[in-house]
1. Divide the volume of the convex hull of the Cα atoms of the stretch 175-308 by its number of residues and quote the answer in cubic angstrom per residue.
2. Per-residue counts of other Cβ atoms within 10 Å, averaged by peptide: what ranking do you get for 583-589, 516-522, highest first?
3. Looking only at Cα atoms, what is the convex hull volume of the stretch 259-321 per residue, in Å³?
4. If you build the Cα gyration tensor of the stretch 74-162 and take the root of 5 times each eigenvalue, what three semi-axes come out, in whole angstrom, biggest first?
5. Please report, largest first and rounded to whole Å, the three semi-axes of the ellipsoid equivalent to the stretch 238-347, where each semi-axis is the square root of five times an eigenvalue of the C-alpha gyration tensor.
6. Loop-only GluC sites (Glu not before Pro) in the stretch 304-365, please: DSSP not H, G, I, E or B, and at most 15 other Cβ atoms within 10 Å.
7. Could you list Trp595, Trp205, Trp482, Trp616 in order of exposure, starting from the residue whose Cβ has the fewest other Cβ atoms within 10 Å?
8. Counting alpha carbon pairs within less than 8 Å and at least 6 residues apart, what relative contact order, in whole percent, applies to the stretch 300-421?
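Bear in mind that the values in this text are calculations on the coordinates, not laboratory data. These numbers were taken from a predicted model, which means no experiment stands behind them. Glycine also receives a Cβ, built like all others from the backbone with ideal geometry; neighbour counts cover every protein chain displayed.
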Amino acid sequence: MNLLMSLGTTVAYIASIAMLALSARAPRGSNGFTTTYFDSVVFLTFFLSIGKLLESWSKSKTANAVSQLSGFKATEATLVEDGAEREIGVDYLELGDTIAIKPGDSPPVDSIIVDGEADFDESMLSGESHAIHHVKGDQIFAGTVSQGPGTVRAQISALQGNSLLDQIVDIVRNGQLNKSPIEKLADKLTSYFVPVVCLVSLIVWIVWLVLGYTVLPKSYLDVDVGGWVVWSLQFSIAVFVIACPCGLGLAAPTALFVGSGLAAKNGILVRGGGASFQQAANVEVVCFDKTGTLTKADIEVTDHHVAGDFALAVQLARDLELGSKHPLAAAVRNFAVETASSKGFELGTTLVPKVEEESGRGVFGDYEDKRALLGNEKMMAEHGVPFTDEEMRLLEEWKRQGKSVVCVAVDRQLLLLLAARDEVRPEAKDVIADLGRRGVDVYMISGDNHVTAEAIAREVGIAADHVIANVLPQGKSDKIKWLQQTYHSVPNKPTKPAVVAMVGDGINDAPALATADIGVAMGSGSDLALSSCDFVLLSQKQPLKQLQILLQLSRKVINRVKFNFGWALVYNVIGIPIAAGVIYPYHNSRLSPTWSSLAMACSSVSVLFSSLALRWESRFWGWRSE
């Protein structure tokens, strides 16, 4: 745009100087008027400056949501040393320092509560509209606000610049650099736009000049100096000025920038930028992991059956799961500790010094000169551990109730059976029903057995034929590829791959998240380092609701990009011919260079305001997470 404006003002100024020189030589008493463009040069510059001012203001508004996040950070902290409190700058804090957070204060950095409890408003991070109650041992984040009722003391776990809030801001800003296909198309069109407009402007001047000297009546000539040369030059300058590549260039980035800010405001981190928004707007299939996604990953052992030495089984169960981070492992450890306490068992030092994992099956290790096993039925069968009819009946009953089964055995002898239940997220059923109404097909991919997986699927409303169970972590990626390739399959016809989204916990699902067209991680601060996902849902209460927000927001943002793009094209398609003089035969009507510059400025600003309108409209969409 700057090049076109520079060409327009330069041509107008030089032409005006030439007109003055010609008018000085004109005979006295000549009629008509001398055409100069000094006023056009002034107004062109004025309107351009006004347009740039409004453009800068609009861009600052589009970045407002992200800037607001940065503004939540506190600059001072209350340091606790030897029981005394004193104010200190955040830059002077060190890892391990203890700080006091009073009601109404914001933690200056991420910390872990060591004393006290309080409610914290985390809406600026996760989109939660209700305060979250935190107690001793809980992580609290910079940018949140304590609502009391009491003062808490917390130990610093991350310094300034490494907090969850800092990571959110960095991720959103870096994600905005990733261009969507429609942005790349706009960039390509813009690269051709300026030379094409220069060529069109030259052609317009030549065509009107030739017509003026050949077929046009004298009544068309409304200039007294310069004749047809000057008269035809006005149309050429108007074309230079009215042509606006800015609308094309701003159509996508501004809308996507606003979308990223709205997503961050609702606890959704956009890692993939515009490309991810465009893919999310076209999602046809959503695949959910089971544990930690459709369920809360708050697993609890609900039933047990003793088949051998109970005390030994409890000890081995704890020892085999000591190093595992899987939610089921935590449930087994808790069961072992609670059972030992209630039964009077003593849990000593570990009996299994080295533990190995059998992917998708369980864990094993050497106990004395025997092999200790903890895992599912498949693992037991592969190692030759037999089950009685009563034990098989019990296992089937637990699985029909949607419970996961854990077996403990030593040297091919079953010692203990455990049934663990993971609570289904309360919003899961409504979210899946809503996806169905929107025409999105839903699948569940789980490493659990078919019976348990189908029981959970029934609870949340997923059809049994859409349940893919007994899948190893590395096999989930293959299932995503299979869905992409076969979802639209038509015999003997090449088909377009389906757009598949994978929603996982961001820990065991990395290959599937990377393979899917859209990877969505259910995460907290520790999940932000996951590079294979496109979006991270930060809500702790109802993260699946944020998936609804994400898909709806993506569609609205991409639709606004298309609208902006269409408006910019329509403006140029209509404006350039008018500036070129197609309406001049009707009462000598034309668009002067001055008014062309105003139209150009309005075109750019209108695209920016269209994108900004997304922020205003979002108040009425009704999808803010509760």
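1. Residue-normalised Cα hull volume stands at 180 Å³.
2. Result, highest mean first: 516-522, 583-589.
3. Numbers: hull volume 10.3 nm³, N = 63.
With only Cα atoms used, the stretch 259-321 gives 164 Å³ per residue.
4. 19, 14, 11
5. The equivalent ellipsoid of the stretch 238-347 has semi-axes of 59, 13, 10 Å.
6. Numbers: sites: Glu321, Glu338, Glu346, Glu356, Glu357, Glu358; in loops: Glu321, Glu346.
Answer in residue order: Glu346.
7. Working: Trp595 17, Trp205 20, Trp482 12, Trp616 8.
Going from sparsest to densest Cβ surroundings: Trp616, Trp482, Trp595, Trp205.
8. Numbers: 202 pairs, mean separation 39.4, N = 122.
Value for the stretch 300-421: 32 percent.
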